[in-house]
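Below: the structure, in structure tokens.
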Amino acid sequence: MSGEQTPAGSDLGRVLVVIPTYNEVDNVRDITDRVRAAVPYAEILIVDDASPDGTGEVADQLATADSHLHVLHRAGKQGLGAAYVAGFGWAREHGFDVVVEMDADGSHAPEELPRLLEALRTADVVLGSRWVPGGRVVNWPWRRKVLSQGGNLYTRLALSMPVRDATGGYRAYRTPVLDKIDLDSVASQGYCFQVDLAWRAHQHRLRVVEVPITFTERQRGDSKMSSSIVREALWRVTLWGVQSRREGLRRALGTGSRWP
Ligand SMILES: Nc1nc2c(ncn2[C@@H]2O[C@H](COP(=O)(O)OP(=O)(O)OP(=O)(O)O)[C@@H](O)[C@H]2O)c(=O)[nH]1
Ligand SMILES: [Mg+2]
């Protein structure tokens, strides 16, 4: 119809929003309602790790009432990374063209998803970014800001990767990209999973774009963030940085030997 606009990103194909949950019983209904309102053509997959608080049962009830909402139940808590790998596998099996990562706790506003999808029209991966101009965080204590900005600075320097927010978990991928980055070999669990995927995308020279977002601290439920998650990110990023420099050196020396 003339004058009617195509919803942003709806020409990207079938979109699946993957939401991992662990003890999010107070959030799961609200977040799925907001996603359905913000991007009605998208489907949702909740990946629940047998949450003791009954999140999985609430998700099942929601799925019964909505054919665009699906639930993947896993046997027990195995970390955010493993939940996403399972969710992405489900997306590929079911023929989705785009997969979105989103937390269940409301930190990632579904109302911003149309902007991420719009940016995906000219990219392979879109990262919702707190640390590009226009991005911000609301209600975070200064310690969390320092940790996130410091972690991202370290990541940028260690990996020589021009990404301002590699640890963020609000993203959109074109599904064929996931085939390229060999998801089955991803072992990272916590935040590090996010860095791992950004790093793989960068190494494969995919088009990675950062879009500013407003990240809001969760209002209900408990954080699953822990010092072991930070330690994992630190040692893996350091290892990748060393490996990448060694690889670069080896290539340089190899080229050098052909030009004595
Ligand atoms: N399925 C599954 N989901 C998880 C697991 N750990 C965390 N999540 C979910 O992943 C999302 C992010 O976890 P959060 O606890 O919010 O961690 P965070 O956003 O890094 O930290 P906060 O800023 O403190 O909220 C939430 O939707 C969690 O419920 C897990 O082991 N399995
Ligand atoms: Mg959170």
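Here are the numbers for the structure shown:
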{"read-out": "Residue in region 217-238 that is among the hydroxyl-bearing types (S, T, Y), open to solvent by less than 40 Å² (accessible area, probe 1.4 Å) and in contact (Cβ under 8 Å) with a residue 60 or more places away in the chain present", "value": "no"}
{"read-out": "Selection status of L178, more than 16 Å from ligand 2 (Cβ to nearest atom), within 21 Å of the chain's Cα centre (by Cα) and buried (at least 17 other Cβ atoms within 10 Å of the Cβ)", "value": "yes"}
{"read-out": "Candidates R207, R200, filtered to the one that is without any contact (Cβ under 8 Å) to a residue 40 or more places away in the chain and of a type outside the set (S, T, Y)", "value": "R200"}
{"read-out": "Residue in region 214-236 that is of a type in the set (A, V, I, L, M, F, W, C), away from ligand 2 (no atom under 16 Å from the Cβ) and in contact with a helix residue (DSSP H, G or I) (Cβ under 7 Å, 6 or more places away or on another chain) present", "value": "no"}
{"read-out": "Test: G150 is open to solvent by less than 60 Å² (accessible area, probe 1.4 Å) and out of contact with any Gly (no Cβ under 9 Å at 6 or more places or on another chain)", "value": "yes"}
{"read-out": "From D165, D196, D184, residue being open to solvent by 20 Å² or more (accessible area, probe 1.4 Å) and either of a type in the set (D, E, K, R) or in contact with a Gly (Cβ under 6 Å, 6 or more places away or on another chain) (or both)", "value": "D184"}
{"read-out": "Enumeration of residues in region 101-148 that are β-branched (V, I, T) and more than 16 Å from ligand 2 (Cβ to nearest atom)", "value": "T122, V125, V126, V132, V146"}
{"read-out": "Spans of helices (runs of 4 or more DSSP H) in region 29-137 with at least 1 residues in contact (Cβ under 8 Å) with a residue 12 or more places away in the chain and in contact with a Cys (Cβ under 8 Å, 6 or more places away or on another chain)", "value": "80-93"}
{"read-out": "Among (1) more than 14 Å from ligand 1 (Cβ to nearest atom); (2) of a type in the set (V, I, T); (3) open to solvent by 10 Å² or more (accessible area, probe 1.4 Å) - the single one V71 does not satisfy", "value": "(1)"}
{"read-out": "Criterion: in contact with a Leu (Cβ under 9 Å, 6 or more places away or on another chain) and either more than 28 Å from T122 (Cβ to Cβ) or at pLDDT 95 or above (or both) - qualifying residue of I31, I44", "value": "I44"}
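The values are calculated or read from the model by the stated rules, or taken from the named source; none is laboratory data. Everything quoted here is computed from the prediction, not taken from an experiment. Quick reminder, even Gly has a Cβ in these numbers, built from the backbone with ideal geometry, and neighbours come from all protein chains shown. SASA here: full protein model, heavy atoms, side chains in, ligands and nucleic acids out. Shrake-Rupley method; radii C 1.70, N 1.55, O 1.52, S 1.80 Å.
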